[in-house]
Each structure stands twice: as structure tokens, then as C-alpha cells.
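The values are calculated or read from the model by the stated rules, or taken from the named source; none is laboratory data. If you're wondering where the values come from, they're calculated on a predicted model, not measured in any experiment. Every residue, glycine among them, receives a Cβ derived from its backbone with ideal geometry; neighbour counts consider all protein chains shown. For the accessible areas, the whole protein counts, side chains as well, though only heavy atoms, and no ligand, DNA or RNA atoms are used. Shrake-Rupley method; radii C 1.70, N 1.55, O 1.52, S 1.80 Å.
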Amino acid sequence: MKSYFSIIVFVAFVLIAGLSSVHSYQCTESAIVSDMNQALAQTLSRKTEGWITPDTIQDYREHLRITALRNHSFLYYAMDNHQGILCSKKMQWRSKAKSVAFQSYANCSMATIWGLSDQRMPIGILLLALLWGLFSLLYFKKNHDEMGDFGGLVYSESEQCFYNSHHENIVFTPMQMQLMQLFYAKANHQLTKQEICEALWPKKPDASATLYTLIKRLKPVIGAQANLKIETDRGHNYRLTTKR
């Protein structure tokens, strides 16, 4: 599994959780407004006077279906400036002599509305994101330990490939890959010329020239990708070591 894939999945989970939470919040706002509309309509249908009394407010709150809203909603005359406050639509109370516009308002903070909203799904998705993040950390830690970091170059035996310190796949030719695998199989990262030739060209009587060319082309690749170099002991031993 690539690290960028893990990050993409984690971010996707978090975004979905965020969008789901916002959607639930907006649905709750709509439900609050709808509840205030019906409570106000019922209250005005029974009202016999054009002013607000304690009984009017009590009657209005009893008609609210959202129980928690009763402590946060109040009835008042319609106002033109009510920015930042949830409110019902304006409703007219009429008698033969006059007409009065009423409106109900909800004195709810964002935290209150969020608490009233159903956040089970967003929280569940967020927990999945956290579990995925934990799984990814454990996965990459385990694989990083198995890879054997040496000079900024890591080898994944399960994936049969090398990575640099940025977890980018390093492209080797098939012969270069086999030689690097031989180096990493040794605890001291040292090989004799005979070991290499027998492993890579078992049927070739003398592979000295081929080995020389292979080492020559491999050196700049590992030099550019990691803090490593290949040292030669008079053409008899080859050692993969860190740069000083």
C-alpha cells in the first residue's frame, strides 16, 4: 500500500464526516424553523388579543414539538433586523380593528444546534478515519521495520522493490535489482566478485567485464537516490556503504 493512498483515504473519510455533520446541522436548523412555524401558527389561531402576554408565550412553547427548543425559543413582534438569529416566518394576527405581525425566534448558539442535530453518522465516519489512520501508521511502521533502512534506501521483501527516503519506488534494471538484493541479503552488505558472478551469471566462465559494467551503471543510480556508494577492493570485493 502506498503512503499517498493511505492519506487520500484518510482525508476522504474526514471530508465525508465533515460534510455529513454540516448536512445534519442544516437539517436541524430547518427542523427548528419548521417547528417554530407550526407552533406560532397554532398559537395565533387561538389568540384573542393583539399583544403578547405570559400566557401567549407559555402557549407557544407548549406547541413546540422539539422539547429542548422550549428553553431557547420565544415569541415577539416581527422584526426586520434579525441577522444571526433563527426565526420563523412572519405571521399576521388579524381582528376587525387591527392586524399585527408576529414572529418566533430561537436563541440558539451553533453549539446548541449541533447538540440537537443527529451527529451519529459523522462521528462514526470520523472514528473510521481515526481507525484507518491508526491502521496505516502500524502498517507502515511494520513494513518500514521489515524493509531494513540503510543509508536512506529501504527494501521491501514482500513487494520486491526498493524505496528512497520519500517512499518513492526506485527503478532498477533486472540485473541491478538482483545485485542490490544480494547486497541487502548480507549483514555487512559486502560481496565477493565470485559470489556475484555465481549468482548472476552461473554459466558464464568469466563475467568480470559484465560485472564491471553493471557496477559502473549502478553507482550513479544509488548515489542519486540514497546516501550510499559501492566501494571496490581491487576488483575482488564489493561493499555497499554509506557516504562519509
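Here's how it looks for C161: its modeled amide H is under 5 Å from those of S156, which are all 5 or more places away or on a different chain.
All C-alpha to C-alpha distances of the chain, sorted into 5 Å bins beginning at zero, yield P(r) values of 1, 5, 10, 10, 8, 6, 5, 5, 4, 4, 4, 4, 4, 4, 5, 4, 4, 3, 3, 2, 1, 1, 0, 0 percent in whole numbers.
Between amide H atoms placed 1.01 Å from N, distances below 5 Å from S73 occur with N107, all of them 5 or more places distant or on a separate chain. When the Cα atoms of the stretch 1-74 are aligned to their principal axes, the ranges along those axes come out at 71, 18, 16 Å in descending order. Sorting the segments 62-68, 52-58 by their residues' average number of neighbouring beta-carbon atoms within 10 angstrom, most packed first, yields 62-68, 52-58. Computed over the stretch 1-44, the P(r) curve from all C-alpha pair distances, binned at 5 Å from the origin, holds 5, 20, 12, 13, 10, 8, 9, 6, 6, 4, 3, 2, 1 percent per bin. Scalar couplings 3J(HN,Hα) for the stretch 111-125, obtained by applying the Karplus form with A = 6.51, B = -1.76, C = 1.60 to θ = phi - 60°, are 5, 5, 5, 4, x, 7, 6, 8, 9, 5, 5, x, 5, x, 5 Hz; x denotes Gly and Pro. When the residues Y77, Y163 are ordered by accessible surface, computed with a 1.4 Å probe over the protein chains alone, the sequence from largest down reads Y77, Y163.
Computed on the stretch 1-140, the Cα convex hull volume stands at 104 Å³ per residue.
Taking every DSSP helix (H) stretch of at least 4 residues in the chain, weighting each as -39,500 (n - 2.57) and dividing the sum by the residue count yields a mean residue ellipticity at 222 nm of -17500 deg cm²/dmol.
For the stretch 87-101, backbone phi angles converted through the Karplus equation (6.51, -1.76, 1.60; θ = phi - 60°) give residue-by-residue couplings of 8, 7, 6, 5, 10, 8, 9, 10, 10, 5, 9, 8, 9, 10, 9 Hz, Gly and Pro being listed as x. Lysine pair count for the stretch 186-244 with Cα-Cα distance under 17 Å and sequence separation of 8 or more or different chains is 11. Averaging the sequence gap over all C-alpha pairs within less than 8 Å and six or more residues apart, then dividing by the number of residues, gives the chain a relative contact order of 16 percent. Charge tally around T53: other residues with Cβ under 15 Å, Lys/Arg +1 each, Asp/Glu -1 each, net -1.
Taking the Kirkwood radius as Rh and the Cα radius of gyration as Rg, the stretch 167-214 has a ratio of Rg/Rh equal to 1.00. What the pair-distance distribution of the stretch 105-244 shows, using all Cα-Cα distances binned every 10 Å from zero, is 10, 31, 21, 11, 8, 8, 6, 4, 1, 0 percent.
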